[in-house]
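Novice: Got a structure here, written out as structure tokens. Questions coming.
The values are calculated or read from the model by the stated rules, or taken from the named source; none is laboratory data. Every value quoted in this text rests on a predicted model; they were computed, and no experiment measured them. Heads up, the Cβs are rebuilt from the backbone with ideal geometry, glycines too, and the neighbour counts pull from every protein chain shown. The accessibility values were calculated without ligands, DNA or RNA, using every heavy atom of the protein model including side chains. Shrake-Rupley method; radii C 1.70, N 1.55, O 1.52, S 1.80 Å.
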Amino acid sequence: MTPIGALIRGVLAGAFGTVAMDLVWFFRYKRGGGESGFFDWEFSVGLDDWAKASAPAQVGKRLYEAFFQHELSPRWAALTNNVMHWSYGMGWGGIYGIVVGSAQRPRILAGVPFASFVWGMSYVILPAAGVYKPIWEYDLHTLWQDFSAHLVYGLGTAASFRALVGRSK
């Protein structure tokens, strides 16, 4: 497989992994009493307040404002959240594809260390960006909820990549 082929397959696999992880979060949201449908929840319909925006949106806002030296209006909170969330999941998928694309036969269980790495990096990047607390300030339940969702992401990405590679390996 060419590096570009591995990258493209990885990006697509990252999209599938992102959907898998989002389904876990959505199930938890509904179980906790959430009332929005999946589409509205997934695409942050109605989000127009930075104070209510998730970490991806907060990072996107900071990047935009640092680059353009201009405040980003809250009306862009939903779009910023979606662009950042999907770019992050697909970007990590691309990296995964490049790394495991050289393997003789990509293993689905490679998704476990991949998920662990992505999860760990979020607790390095997001506190540095000021949108998360340091990892030691979270309780074990919160960390497990986040880590288990990332496991689904990693395994979903790995399984999707394996399927996209198909019999060519």
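Rundown of residues vs (1) surrounded by 15 or more Cβ atoms within 10 Å (Cβ to Cβ); (2) more than 20 Å from Val59 (Cα to Cα); (3) in contact with a helix residue (DSSP H, G or I) (Cβ under 6 Å, 6 or more places away or on another chain), yes/no style:
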| position | (1), (2), (3) |
| --- | --- |
| Gly93 | yes, no, yes |
| Val100 | yes, yes, yes |
| Ala103 | no, yes, no |
| Ile108 | yes, yes, yes |
| Pro113 | no, yes, no |
| Ser116 | no, yes, no |
| Leu126 | yes, no, yes |
| Ala129 | no, no, yes |
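Novice: Which count do you get for residues in the range 23-66 that are closer than 19 Å to Ser87 by Cβ and of a type in the set (D, E, K, R)?
Specialist: The qualifying residues number 4.
Novice: Is at least one residue of the range 66-81 without any contact (Cβ under 8 Å) to a residue 24 or more places away in the chain, of a type outside the set (D, E, K, R) and surrounded by 17 or more Cβ atoms within 10 Å (Cβ to Cβ)?
Specialist: Checked against the condition, which is being without any contact (Cβ under 8 Å) to a residue 24 or more places away in the chain, of a type outside the set (D, E, K, R) and surrounded by 17 or more Cβ atoms within 10 Å (Cβ to Cβ), the range 66-81 yields at least one hit.
Novice: Something else: Based on what the data block shows, is Ala159 more than 15 Å from the chain's Cα centre (by Cα), at pLDDT 95 or above, open to solvent by less than 60 Å² (accessible area, probe 1.4 Å) and among the aliphatic types (A, V, I, L, M)?
Specialist: So Ala159 fits the description; yes.
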